[in-house]
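These notes are about the structure you will find just below.
The values are calculated or read from the model by the stated rules, or taken from the named source; none is laboratory data. It should be emphasised that the depicted structure is a prediction, and the values quoted were computed from it without experimental measurement. Don't worry about glycine lacking a Cβ; one is built from the backbone with ideal geometry, like all the others, and counts go over all protein chains shown.
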C-alpha cells in the first residue's frame, strides 16, 4: 500500500482513511459491548469499545501497524526500533512480525518476564538496559546507529496517531449518534486520534480524556493552554505514566472538551466492575474512562457515551481487588 | 409466541428452531473469539463461543428464557420457582423479569452475597434455607404449594435443553466446518443441547464433553452405558458439581463421542490462559473444555474445534492464580 499523502504534522481525513485500509489485515475490528446494570448505575447509555480484545491486548497495535506499513522499502529493510516496557513494545514487535520487518526493542532489565516473553515470542530482538529513561535513550541511539533502524515512538508521531484514530472511526460506525466519547490519556496517542476521528466524522460528538490524579499533566496542560509535565508520577494506571506528547497536545487542545481526573480508588472500583459485570480483563489504565463517567455523572447523565477500553495486559497475580 | 409443538421428551429440530426465535429478544447473540497463540500452543484451530459474555454471565440464560417463554397464560400468572445458589438462579430471575413473570428462588443461607444481590436485583423473591439439598427441596415444595408456581429445573427439562441448544446453533452458523465441538458437562443441559444442535445441523461434527476428575459421573455414565452418580464431589469447577440428569443422558448417550476428564490443575492452567491471552473473565467450569483440548492433543491435532466458554461468574477475590 502507498505511503500516506498527508504531509502536514496533523493527520488529515484522508490519512485516517488510508490508515484504516492499510492496517485492516493486521488488527481485529474489536466488538462494542453494552451492560444494562452499568447503564443503570451510571445513568448514561454506555458503549464499550473493547481494545482489550485487540491483538497484543491493546489499541497500540493500530498505531504500530500503521507506522510500520508506512515505511518505504529502504526503511523496511533496515527495520524498526523502540524502547518500551509496555504495550508499545509488544505492538511494534507484533506489527513488524506481521509485515516481515525486523524489530529491535530496548527493554529495561526490570521489565516483567511475561512482557519480555511476549516480545520475544513475536521474534523481536531485545536489548536490555538499566531501568532509567537516560539508559533507555542511550541504548536506543546506539541501536539506531549500528542497525540503521527507524525509531517508532509510542505516540508523538502522525502515523502512530492516524493508526490509533482507527479505533474511534470503528466505534463511530458501530454506534450511531454518540453524544460523547471518552478515552484514557497518557502520552495522548489514543485521545488525539479519537479527537481527529470525531472532528472529521461526527463533529457533534464531544470528546473527553480521563486521567489519573497521580499523573495529571494532560489535564493541567489543557487547562493552562500549554504543555505541563509531571514532576513525579504515582498511580496504579501504569500505562498512563507518560507525559502528554507535543503533537497529541496540538491536536487535543482545540478538539477535546475536557480532561477529567480520577483517583486510583475510582480506577480500581471501575476495574472491578468491568471484571465482574462485563467479564472483561482490563488493565487499570483502561478503567480510567469508566471511572471518570461515574465520578462526573452530571456531564454524562442521559447521554450516549462511547468508552474506549484501551487494553487488558494486567498482571493477574497483582490484581488490586 | 406459541408453545413448542414438540411433545416428546427429546426436543426435535423444530423445537430448537422455535426456541431460538422465542428467546432472541431475551439473550445476547454472543461473539466467537479466536487466539493465534492458543492455536499455536494447542496445535488445533480453536473457536471460543463466549457465553461468559451472555446476559447474567452464563449460557443458563438461554434455557431459563425458553422455559419461561413456553409457559401458558395460567402458568405465567402463577410464576416460577427453583432452588439454586448459582447461575440458574440468576438466569431464571432475569428471564422472569424480562417477561413479566414472578420468580421465587430458594437459596441456601451460605450463598455468596454477590449472587444473592444479583438475584434480588432482578426483582425475584428469595427464600433462604439451610445449606443442604434436603432443605432446599423441602423449601421448594412448600413454595410450590403456597404460590402455585411452576418448578423450572436447571437441566433435566426439554424446554431448558432446547434453550441451551441455541448456543451451539449460533456457533455452527458463526464458524463453518467445525470438526469438533466441546462443552463442559455438569447436569448435562449444555452438552445435550449441543449434541442435539449438531445432530440436526452438522452431523459430521463430533461432540465432546469435558468434566473435572472430582465430579466425573458423566464420563463414568457414558462409559458404563447407564447413569452413575458422584459419591462425593471435589473440584474447583463449582458449576459442574451436579450429577448428570436423566434426559440429558438419554440425549448424550448416542450422540457424544466421548467425555474427557481433566484435573483441577489442568482447569486452573486453562483458566489462567483465557484470562491472560484472551482478556476474558471466566469461571473454572468454563475452562474445563479448553483444559481437555490441551490434555488430549492427539484427538484435536489439526482440527477446527468449537469450545463453549460456559460462564464468567467467578469470585474475583478468590482467583486460583
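Can we say residue B:207 is modelled with pLDDT of 95 or more, in a loop (DSSP other than H, G, I, E, B) and under 19 Å from the mean Cα position of the chain (by Cα)? Criteria not met by residue B:207. Considering the conditions (1) away from every other protein chain (no Cβ under 14 Å); (2) closer than 26 Å to residue A:313 by Cα; (3) in contact with a strand residue (DSSP E or B) (Cβ under 8 Å, 6 or more places away or on another chain), residue A:206 is excluded by exactly one of them, (2).
Scanning for something out of contact with any helix residue (DSSP H, G or I) (no Cβ under 7 Å at 6 or more places or on another chain) and closer than 19 Å to residue A:73 by Cβ, does the stretch A:100-120 turn up at least one residue? Yes, that holds for at least one residue.
Among A:178, A:190, which is the only one that is outside any loop (DSSP other than H, G, I, E, B) and either over 14 Å from the mean Cα position of the chain (by Cα) or buried (at least 22 other Cβ atoms within 10 Å of the Cβ) (or both)? Quick ask: steps written out before the conclusion?
Numbers: A:178 fails: outside any loop (DSSP other than H, G, I, E, B).
Step by step, each of A:178, A:190 is checked, and only A:190 is outside any loop (DSSP other than H, G, I, E, B) and either over 14 Å from the mean Cα position of the chain (by Cα) or buried (at least 22 other Cβ atoms within 10 Å of the Cβ) (or both).
None of B:305, B:314, B:256, B:281 is under 30 Å from residue A:50 (Cα atoms), under 17 Å from the mean Cα position of the chain (by Cα) and modelled with pLDDT of 95 or more except B:281.
Based on what the data block shows, is residue B:126 assigned to a strand (DSSP E or B) and closer than 27 Å to residue B:52 by Cβ?
The answer is yes for residue B:126.
The condition (being in contact (Cβ under 8 Å) with a residue 12 or more places away in the chain, touching a strand residue (DSSP E or B) at 6+ places or on another chain (Cβ under 6 Å) and either surrounded by 15 or more Cβ atoms within 10 Å (Cβ to Cβ) or not assigned by TED's automatic domain parsing to the domain that holds residue A:191 (or both)) is satisfied by just one residue among A:72, A:125, A:156: A:125. Taking the conditions (1) away from chain B (no Cβ under 13 Å); (2) at pLDDT 95 or above; (3) crowded, with 22+ Cβ neighbours inside 10 Å in turn, residue A:86 satisfies each one other than (2). Scanning the stretch A:114-122 finds one or more residues that are outside any helix (DSSP H, G or I) and without any contact (Cβ under 8 Å) to a residue 40 or more places away in the chain.
The residue list B:22, B:17 contains one member that is in contact with a helix residue (DSSP H, G or I) (Cβ under 8 Å, 6 or more places away or on another chain), in a helix (DSSP H, G or I) and at negative phi, which is B:22. Spot the failing condition for residue A:258; the list is (1) within 12 Å of chain B (Cβ to nearest Cβ); (2) out of contact with any helix residue (DSSP H, G or I) (no Cβ under 6 Å at 6 or more places or on another chain), and only one is missed. Looking at each condition in turn, residue A:258 falls short on (1). In the condition set (1) crowded, with 20+ Cβ neighbours inside 10 Å; (2) over 20 Å from the mean Cα position of the chain (by Cα); (3) assigned to a helix (DSSP H, G or I), residue A:134 is compliant with all but (1).
Inside the stretch A:84-94, can you point out the residues that are more than 17 Å from residue A:131 (Cα to Cα) and touching a strand residue (DSSP E or B) at 6+ places or on another chain (Cβ under 8 Å)? The answer is A:90, A:91, A:92, A:93.
Yes or no, residue by residue, for (1) assigned by TED's automatic domain parsing to the domain that holds residue A:80; (2) touching a residue at least 24 places away in the same chain (Cβ under 8 Å):
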site	(1), (2)
A:137	yes, yes
A:146	yes, no
A:165	no, yes
A:168	no, yes
A:172	no, yes
A:183	no, yes
A:197	no, yes
A:200	no, yes
A:206	no, yes
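Could you tell me how many of the residues in the stretch A:267-305 are surrounded by fewer than 21 Cβ atoms within 10 Å (Cβ to Cβ) and more than 14 Å from chain B (Cβ to nearest Cβ)?
Just the residues of the stretch A:267-305 that are surrounded by fewer than 21 Cβ atoms within 10 Å (Cβ to Cβ), to begin with: A:268-269, A:272-273, A:276-277, A:294-299, A:301-304.
If we keep only those that are more than 14 Å from chain B (Cβ to nearest Cβ) as well, we get A:294-299, A:301-304.
Residues that pass the stated criteria total 10.
Of everything in the stretch B:210-248 that is within 14 Å of the chain's Cα centre (by Cα), without any contact (Cβ under 8 Å) to a residue 60 or more places away in the chain and farther than 20 Å from residue B:181 by Cβ, the residue that is surrounded by the most Cβ atoms within 10 Å (Cβ to Cβ) is B:243.
Number of residues in the stretch A:31-59 that are modelled with pLDDT under 95, within 28 Å of residue A:119 (Cβ to Cβ) and more than 9 Å from chain B (Cβ to nearest Cβ) equals 1.
In the set (1) within 14 Å of another protein chain (Cβ to nearest Cβ); (2) within 30 Å of residue B:14 (Cα to Cα), residue B:173 fails one condition alone, (1).
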